Structure formats: C-alpha cells, structure tokens
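The values are calculated or read from the model by the stated rules, or taken from the named source; none is laboratory data. None of the values given here were measured: they were computed from a predicted structure. Using ideal geometry, Cβ is built from the backbone for each residue, glycine included, and neighbour counts are taken over all protein chains shown. Side chains are part of the model used for accessible areas, which takes the heavy atoms of the whole protein and leaves out ligands, DNA and RNA. Shrake-Rupley method; radii C 1.70, N 1.55, O 1.52, S 1.80 Å.
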Amino acid sequence: MFDRFQLPKRKPVVNVHYEGDTRYTMQYCRWVLKPIGIWHLVCGHPSRREKLISVALILTCFFLLCFVLIPSGLYTVLREKNINVRVKLFGPIGFCLTSTIKYCYLGLRSASFGRCIEQVENDWRVVRDQDHRVIMQRNAQVGRRLTVICAVFLYTGGLSYHTIMPLSSRQTIDGNVTIRRLTYPGYDLFFDPEASPAYEIVFCVHCVFALITYNITTSACSLAAIFVCHACGQLKILMTLMDDLIEGTRNKGTTVETRLRTIAQHHVRVLRFSTSVDEVLREICLMEVVASTLIICLLEYYVMTEWENSNAVAILTYFILLISFTFNILIFCYIGELLAEQYNKIGSAVYDIKWYNLSGNKALALVLIITMSHYPPKLTAGKFVDLSVHTFGVVLKSSVMYLNLLRTVT
C-alpha cells in the first residue's frame, strides 16, 4: 500500500538546471516563510544553526501573536459593552485568531509540506525535454504571480490599517490633551498605553505583528498556488506524452509499450502528488473559506458605517482590506478551479489521439486514464467544499447575507 506522505526517493539528476529551477519556483514562498521561522522546518536538512534561528523566530512570532490576541480578545469579550465597538473589534481579532491557528498548523505539518516540496524538486530533477521544462517554468511563473498579487493587496491594506488609521484617529481635548489610540485595546490593565514610551513601543509591536500575520496568510496562499500550479504543469506534460504515444516522434527508438508505461507512471505520480497537496492544504483552505466569509462581511459593514460617519481615511483603508481579502479567497478558488479543469482535459486529450491505430488490446489501457479523469483529485476546504469559482460566488453571497443579519442586529 502506497503511503502518500512517504518521503519521495531522490531521483537521479537529468535536468542540470534543476537547482536554479527549484529556487525560481520556491523563491517567493521562501521569502515569506523565512521571517516566521517555518522555511528551515520544511526545506529538508537544515543545519543546527538554522534550526536554532527557526526556533528563535517561532518563539518571537508566537509571543507577538499572543501579545495582541490575549489582551484585545479579553477586552472585546469581557469588558467592552458597546455592541458597535465590539463588532468593530471582531474583524481584526478574528483575523489574528485565524492567523495564529494557521501558524500553528504550518509548524505542525511542516514535514508534510516538506515532502510536497521534495516532490516538486524531484520533478524538476528528472525533466528531460526542453519543451516540458518550459511548461513547468510557465506554471511556476503563474504561482509566483499569484503570490505577488496576494502579498501586495494584503500588505497595502494591512499596513494602512495598522499605521494610518491609528495616527489619523488622534483627538485633542481642551487644546492640550491628546488621546492616542492603538489598533488593539486592552493594555490599560497592565500599564498606561497612551504614555510615552509605552505607546510608541506598543505601536511598533502592532506593526511587526501585522507583518507576521500577513506573512502567514501570504505563505499559505503561496504554498497552495505553487503546488497546484506545479501539478497543472505535470498534467500538461502528461498530455504532450499522450500526443506522442502513437508516432513516437519525441522519443525515437522506443516502443508503444514503453511510451504507454511512461504515461501510466507519470499519471500515477501526478495523482498521488495532487492527493497529497489536498490532504496537507484542506484544513488551511477550510479556515480561509470560513474566515474570509466572516471578515468580508465585517469589512462591508465597516465601510458602510464609516461612510455614514464621512471618515474618508477609514473608508479607503477598509475598502482596500475588503479588496485584499476578496482577492485572497479568489486565489484559492481560482487554483482549485484550475486544477479541476486541467484534470478534466485529460479524458478529451486521450480520446483525441489516434488510439484506433494501436495494435491488439493496447487501447484498452487508455480506458482507465479516461475513467480516472472523471474522478480527479480536487482542492477542497476540509473535504466539505470543492474550491472553485462557484465556491467564490457562494462566499460572496454568504457574506452579503450575514451583512444584512448584522445590520438588523446592530
């Protein structure tokens, strides 16, 4: 019985450029995982120094997450009595909570993510045809672009929320007393958060905390995009192998049986990799769907509230955040749709080749591939929902429905 999470055996080097290709594929993912200490846990065989650095970064990040989550969470749940203020705090605190859970999940499942990365490296190692290498590079580029889009929107909206909004909400009373507000409340039980230098220190900590949370979200999106785009590239290579099954122009000197065996082995490898990707990402995808639905609903409510208050800075900040989280869940749904669509093309690709020219019963071997194309692995949210464009529409409709309920309650 094959263990999907068994460490893939290192393949002999065929592509002499595989190291550079692997670095190119994982570059942006490495950039966002290193600052939060996860990269050296998933990259294979880190040195003792790298392990110590990762542990130090993880402890620091976890301390900063708790520094924000615990005081503000207790303040919102136990101390704040105004329902409107409480609703306004639910969004950022909920995002903080989900980011903390995702961070713990990335650390606990780092070995599984590492095995998927090892499989990506092995595929780069064994690619022979230059056309196949170009296909993989194009799909790797798609994964990189999706990572950049996610990061740009999240960092733009998030840093605006943690810097511009607190600074623009200062109020001066009686001409000499200035009220300086923080993004997250709840520190007045321990010290005076408006006195210097406590205010400046907490303000900077909140900015660093924002960078950590958006790194976590971007890294989850980056891993999903890279793995799915890599699987799509392998499926495109599979279709080129099928096109060459009859004539054998790309693999001269080989028999039909050899080419058919290569196709079957490649298909099985892609199926196993896609299944492993779904198993390692399904919890994160479920959290993204649930959190995005609620946070988009709250951001819509915040925009409407600030519109009534004529607060241009808050309206612009919340609107950028709304676009950011909408694009974030759209990326997850898009790559899920991309994977399902690519698998659906396999059956048509098999039928379009000149299978009727195969001698004997060799064409029967293609029936299994066509059958498997009707039951492809999918990217799911906790095995409850298939990620697709339809799911994205459901998320938006649900957020509007919850918005109407929230407006009725408040």
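Summary of computed values
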| read-out | value |
| --- | --- |
| Matching residues in the range 118-136 - criterion: being over 27 Å from Leu41 (Cβ atoms), assigned to a helix (DSSP H, G or I) and in contact (Cβ under 8 Å) with a residue 40 or more places away in the chain | Asp131, His132, Arg133, Ile135 |
| Residue that is farthest from Phe319 (Cα to Cα), among those in the range 136-166 that are open to solvent by 30 Å² or more (accessible area, probe 1.4 Å) and among the β-branched types (Val, Ile, Thr) | Val142 |
| Any chance Glu283 is open to solvent by less than 30 Å² (accessible area, probe 1.4 Å), of a type in the set (Asp, Glu) and touching a residue at least 12 places away in the same chain (Cβ under 8 Å) | no |
| Top-ranked residue in the range 294-348 [being acidic (Asp, Glu) and closer than 25 Å to Met401 by Cα; ranked as most open to solvent (accessible area, probe 1.4 Å)] | Glu308 |
| Residues (open to solvent by 10 Å² or more (accessible area, probe 1.4 Å) and not hydrophobic (A, V, I, L, M, F, W, C)) located in the range 92-101 | Pro92, Gly94, Thr98, Thr100 |
| In the range 23-58, residue modelled with the highest pLDDT [restricted to those that are in a loop (DSSP other than H, G, I, E, B) and of a type in the set (Gly, Ala, Ser)] | Gly37 |
| Count - residues of the range 175-214 that are acidic (Asp, Glu) and touching a residue at least 12 places away in the same chain (Cβ under 8 Å) | 1 |
| Which numbered condition Arg261 misses (of (1) buried (at least 16 other Cβ atoms within 10 Å of the Cβ); (2) farther than 23 Å from Gln27 by Cα) | (1) |
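Here's the yes/no breakdown for (1) of a type in the set (D, E, K, R); (2) surrounded by fewer than 18 Cβ atoms within 10 Å (Cβ to Cβ):
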residue	(1), (2)
Val32	no, no
Pro35	no, yes
Val42	no, no
His45	no, yes
Arg49	yes, yes
Ser54	no, no
Cys61	no, no
Val68	no, no
Ser72	no, no
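Let's see how each residue does on (1) over 30 Å from Gly94 (Cα atoms); (2) hydrophobic (A, V, I, L, M, F, W, C):
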{"site": "Thr254", "(1), (2)": "yes, no"}
{"site": "Arg259", "(1), (2)": "yes, no"}
{"site": "Thr262", "(1), (2)": "yes, no"}
{"site": "Leu271", "(1), (2)": "yes, yes"}
{"site": "Ser274", "(1), (2)": "yes, no"}
{"site": "Val277", "(1), (2)": "no, yes"}
{"site": "Glu288", "(1), (2)": "no, no"}
{"site": "Ala312", "(1), (2)": "no, yes"}
{"site": "Phe319", "(1), (2)": "no, yes"}
